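To start, the structure itself, in C-alpha cells.
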Amino acid sequence: MTESASNLLVSTYLEMREQILRFLTARLGNRAAAEDVSQELFIRLRTGQVLTDVASPRAYVYKAAHNAANEYVRASQRRSARDTAWIDSTTQKIGDDTVSQDISAEDALDAKQRPRALMEGLAALPPKCREVFTMCRLEGLSHREIAEKLDISTKTVEKHMTTALKQLMAKLETKH
C-alpha cells in the first residue's frame, strides 16, 4: 500500500474516531476495551498494514474496527479459558468455595521462621530438660528407655518433657 493510502486511512480514522469508539463500545460492551482496540486499530492503520488500495476508506476503517474487535474477543476468550484451566488445576472446590493449594506468603514466612524459633527454644531449655527432649523427639526413645539411660525415674522424664513442650510452645507462639 502506498503512503498516501495509509495517510488517507489514518485521517479517515481520526475524523471518525468518536464514531469508531461508540461502535467498538457497543460491540465489546466495555469502554476501556474499546479504547484499547481503537488504539490498536490506529497503530495498524498508521504502520500501513493494509495490503491494497482502498476504494472506500470509511467502510474499510469500520471493517478493520470490526475485525480488531473480533480478534480482541477471541483473545479474551482464550485468556479466560487458559486462566480457568490454570485455576482448576491449582485449586480444589469444596462446595461453592475454591480452596487454593498454594500457601500464603504469611504461611511461607512462618515456615521459615518456625525452625529458627524452635532452635532458640531448645537452646533456652535447661540442659537436662533439653537432653530428655532430644532423646525422646529426635532419637525416638521411649520415656522408660530415657529413664534407664539417664538413671532417673520415668516420672522425672515426663516432667522434663512437659516443661520442654510448654516452653517450646510458648516460644513458637510468641513468634506469631
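The values are calculated or read from the model by the stated rules, or taken from the named source; none is laboratory data. Bear in mind that the values here come from a model prediction, so they are computed numbers and not experimental data. Please note: Cβ atoms are built from the backbone with ideal geometry, for glycine as well, and neighbour counts cover all protein chains shown.
Does L172 satisfy the criteria of being under 17 Å from M119 (Cβ atoms), among the hydrophobic types (A, V, I, L, M, F, W, C) and touching a residue at least 12 places away in the same chain (Cβ under 8 Å)?
yes
For D88, all conditions in the list (1) closer than 30 Å to Q167 by Cα; (2) modelled with pLDDT of 75 or more hold save one; what is the number of the exception?
In the conditions (1) closer than 30 Å to Q167 by Cα; (2) modelled with pLDDT of 75 or more, D88 misses (1) alone.
Quick check on my filter: what residues within segment 29-56 are at pLDDT 90 or above and not aliphatic (A, V, I, L, M)?
Result: G29, N30, R31, E35, D36, S38, Q39, E40, F42.
Report yes if K159 is out of contact with any Phe, Trp or Tyr (no Cβ under 8 Å at 6 or more places or on another chain), surrounded by 12 or more Cβ atoms within 10 Å (Cβ to Cβ) and not hydrophobic (A, V, I, L, M, F, W, C), otherwise no.
Taking the combined requirement at face value, the residue satisfies it.
Restricting to segment 1-45, and then to whatever is under 30 Å from the mean Cα position of the chain (by Cα) and outside any helix (DSSP H, G or I), can you tell me which residue is surrounded by the most Cβ atoms within 10 Å (Cβ to Cβ)?
Applying the filter and picking the extreme gives N30.
If you take the residues in segment 99-136 that are within 28 Å of the chain's Cα centre (by Cα) and surrounded by 12 or more Cβ atoms within 10 Å (Cβ to Cβ), which one is nearest to L165 (Cα to Cα)?
Of everything passing the filter in segment 99-136, R114 is nearest to L165 (Cα to Cα).
From T174, T154, which residue is exposed (fewer than 12 other Cβ atoms within 10 Å of the Cβ), of a type in the set (S, T, Y) and more than 28 Å from the chain's Cα centre (by Cα)?
Values: T154 fails: exposed (fewer than 12 other Cβ atoms within 10 Å of the Cβ).
From the options T174, T154, the qualifying one is T174.
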